[in-house]
Amino acid sequence: MRRVYSTDSVPMAWHVRNVLEQHDIPAEVRNTNLFSVAGELPITECQAEVWVPVLFFSRAEQLIRDVEQEATEEGPNWICSACREENLPQYACCWNCQRENGSTAESDVD
Ligand SMILES: [Zn+2]
């Protein structure tokens, strides 16, 4: 495995992973809070990373360049009203809790 991408935006890392998988590249997101389970080393930096097998590295790099270009054109990220996670503009629903962009928080959130 080799690191092909790193970002301080966790949703961006997941988006990159999704795009790569759509192109049949097995990608892995590392270093996000989601993986800070007990027993792992403490996370000293909050950069999310996307890793791919070396075989797919150059293809992945190309795809990521396209993804970044697209993200720049789409405009600013939005914050989910329910869970406060940051989402990419092209997402209609929150990547974390699936709530639609713009809908108000319900009582299921403390
Ligand atoms: Zn959410």
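The values are calculated or read from the model by the stated rules, or taken from the named source; none is laboratory data. All figures in this text were calculated on a predicted structure; none of them were measured in a lab. Positions of Cβ are generated from backbone atoms using ideal geometry, with glycine treated the same way; all protein chains shown enter the neighbour counts.
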Practice task
Mind listing just one residue for me: the one in segment 85-104 that is touching a Cys at 6+ places or on another chain (Cβ under 8 Å), assigned to a loop (DSSP other than H, G, I, E, B) and within 8 Å of the ligand (Cβ to nearest atom) and, of those, farthest from Trp14 (Cα to Cα)?
Solution key: Arg99
Completion exercise
Per the filter on segment 73-88, residues free of Cβ contacts under 8 Å to residues at least 24 places away in the same chain and surrounded by 14 or more Cβ atoms within 10 Å (Cβ to Cβ) are Trp78, Cys80
Exercise for the section: Answer yes or no: is there a residue in segment 64-84 that is part of a loop (DSSP other than H, G, I, E, B), of a type in the set (D, E, K, R) and at pLDDT 90 or above. Expected result: yes
